[in-house]
Amino acid sequence: MAQPNILLILSDQHRFDCIAAHGHPLVETPNLDRLAREGIDFTQAYTPIPVCVPTRNSLLTGTWSTEHHCIANSDTEAPRPAEPGLPTFTRALREAGYTLGCVGKWGVHPEHGPTHPDYGFHEYVDIRGYSAWRREQGLPPQPRDGGWLGNPDPTTPPEASQLAWCADRTITMLEAAAERGAPFFVRWDSSEPHLPNIVPEPYASMVQPDAVAPWPSFPDSLTGKPYMQAQQRRTWGVDSWTWEDWAPVVARYLGEVSLLDAQVGRVLDAIDRLGLTDNTLVIYSTDHGDLCGGHGMVDKHYVMYDDVVRVPLIARWPGHIGAGQTCDAFVSHSIDLASTFCDVAGAGTPKTFRGQSLLPLFTGCRENGREDIFSVYHGNQFGLYSQRMVRDRRWKYIWNATAEDELYDLESDPGEVSNRARDRACADELARLRQRVVAWMEATRDPLLNGWTRAQLLEGRTL
């Protein structure tokens, strides 16, 4: 197999359910829908950790945060970079003859950028260049009337948005790569639709707030749930919000998803124009989801709800991926992608990598041997707070090391509103899933597993 080109479009904080092809009735995503029609749509992809910097390190190194040791974002009380010198898929691709380019947000290391020897990119266009470009165009600063919860932006046309600026530079990078003729890996990391959603027209008004239905998880009284979830509401100042308060925030979020989709379409059109389509694996995904009013909360911290851990993952590769497929095999998003890129490129997968290549699923296999999937969390700007999650086809269990456990029957309660951890009728499922968490922590050498926590889980010494 000739080495294919690879284009990875990785957005920031895009909910799985906010794509039209995934059933959302209001959001307009014709280009992501097209990508799904022309390729494969993974419906059970889960982030290994729902925080930007740690999961981006997991993507590069193919390892869990408990192994690369970057457990939180840089502006927290645990601002530790990943272990230096870990093998990365990007280095493997470079050594296999690929030219590597990166556009947009980096969010991996506070000092080392993509062209650092550990990462191996040949070229990087930093998203921070957008601000200077904006000033050069005579555009005023974006309004921040709504703070972190966003607002419309009447000063910026869509073609001058940060998303369009990054898409322009991605297209330029693809044009240069096409001219060289060598295999390439190009990565565009958008900062959107991460809050605050400061959205230009017509996208800011594309969805009317009064048309936005509440998420399945809203309302949630948080009865019998960890104290931290109510504290998250209080910290953000949204603990008294009704759905009428949330609807404009959600509407702007959906509008920004549509703006992102339009720019993805421009990049896909460029691939077609350059004659690269047939030999290019295109992957669209995100680092994690967004609560955006789900369970009455903001952002993504201190929870393991599907709002934040389940992510979109769509792949197209004509001649290698049959059009219009859906696959419900469990995918460990960042970790599996690292192994996939090495496999597709024929680069040799580093022995330290933990993931499974998606290549067999691309070519028709519907199973990968996984009966469940895991995710972790360690805390972030509101303090450290350890969680470990396992979910199978019906049940989700979250071990909160310093708070109440959570158990959800996803069959009867897809919104994860009713915590069944104290329900005696669920005791066998709870014990079974706690054993799975211990086995997984053992396999990944999780440092949180010790004599005390092992007994807490296996002997039921937890709330």
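The values are calculated or read from the model by the stated rules, or taken from the named source; none is laboratory data. The shown structure was predicted, so the numbers you read here are calculated from the model rather than taken from an experiment. Backbone-built Cβ (ideal geometry, glycine too); neighbour counts: all protein chains shown. Side chains are part of the model used for accessible areas, which takes the heavy atoms of the whole protein and leaves out ligands, DNA and RNA. Shrake-Rupley method; radii C 1.70, N 1.55, O 1.52, S 1.80 Å.
Using C-alpha pairs under 8 Å with a sequence gap of at least 6, the mean separation divided by the residue count of the chain gives a relative contact order of 25 percent. Can you show me the helix-derived [θ] at 222 nm for the chain, built from DSSP H runs with n ≥ 4 at -39,500 (n - 2.57) apiece and divided by the number of residues, rounded to the nearest 500. Value at 222 nm, helices only, nearest 500: -9500 deg cm²/dmol.
Extension gain, A160-A427: 0.36 nm per intervening residue step, less the Cα-Cα distance, totals 90.6 nm. Within the stretch 62-149, the trypsin sites (Lys or Arg not before Pro) that combine a DSSP coil assignment with at most 13 other C-beta atoms in a 10 angstrom radius are R128, R144.
The Kirkwood radius of the stretch 392-463, taken over pairs of alpha-carbon atoms, gives through the Stokes-Einstein law at 37 °C and 0.692 mPa s a diffusion coefficient of 261 µm² s⁻¹. For the stretch 353-444, the square roots a ≥ b ≥ c of the C-alpha gyration tensor eigenvalues yield an a/c of 1.5 or more together with a/b not exceeding b/c, which makes the shape oblate.
Taking every protein chain into account, the accessible area of the chain amounts to 37 square angstrom per residue (probe 1.4 Å).
The coefficient of translational diffusion for the chain, derived via Stokes-Einstein from the alpha carbon Kirkwood radius under 20 °C and 1.002 mPa s, stands at 95 µm²/s.
Note on surface exposure: D372, D269, D423 rank D269, D423, D372 by accessible area, highest first, 1.4 Å probe. Hey, if you drop one equal point scatterer on each alpha-carbon of the stretch 5-144 and run the Debye formula without solvent, what base-10 log of I(q)/I(0) do you get at q = 0.09, 0.12, 0.13 Å⁻¹? Debye intensities relative to I(0), on a log10 scale: -0.37, -0.66, -0.77.
Each Lys and Arg contributes +1 and each Asp and Glu -1, all at the Cβ; summed about the Cα centre of the chain, the dipole is approximately 1000 debye.
Counting only other residues whose beta carbon sits under 12 Å from that of S190, what net charge do I get with K and R as +1, D and E as -1?
-3
In this simple spin-label approximation, W452 and A211 carry label points 7 Å from Cα along the Cα→Cβ vector, and these lie 5.4 nm apart. In this simple spin-label model, placing a label point 7 Å from the Cα along the Cα-to-Cβ direction at both E95 and S131 gives a separation of 3.7 nm. A dipole drawn for the chain from +1 and -1 charges on Cβ atoms has a positive end, and of N31, W241, L410 the residue lying farthest that way is L410. Carbon-plus-sulfur accessible fraction, the chain (probe radius 1.4 Å, protein heavy atoms only): 51%.
Calculated FRET efficiency, T402 and T277, Cβ-Cβ r, R0 45 Å, to nearest 0.05? That pair, T402 with T277, gives E of 0.35. In the P(r) worked out for the stretch 105-262, what percent of Cα pairs fall beyond 20 Å? It works out to 62 percent of all Cα pairs.
Measuring max minus min along each principal axis, the C-alpha atoms of the stretch 39-121 give extents of 39, 35, 24 Å (largest first). Each semi-axis of the equivalent ellipsoid for the stretch 127-205 is √(5λ) with λ an eigenvalue of the Cα gyration tensor; in descending order they amount to 28, 14, 11 Å.
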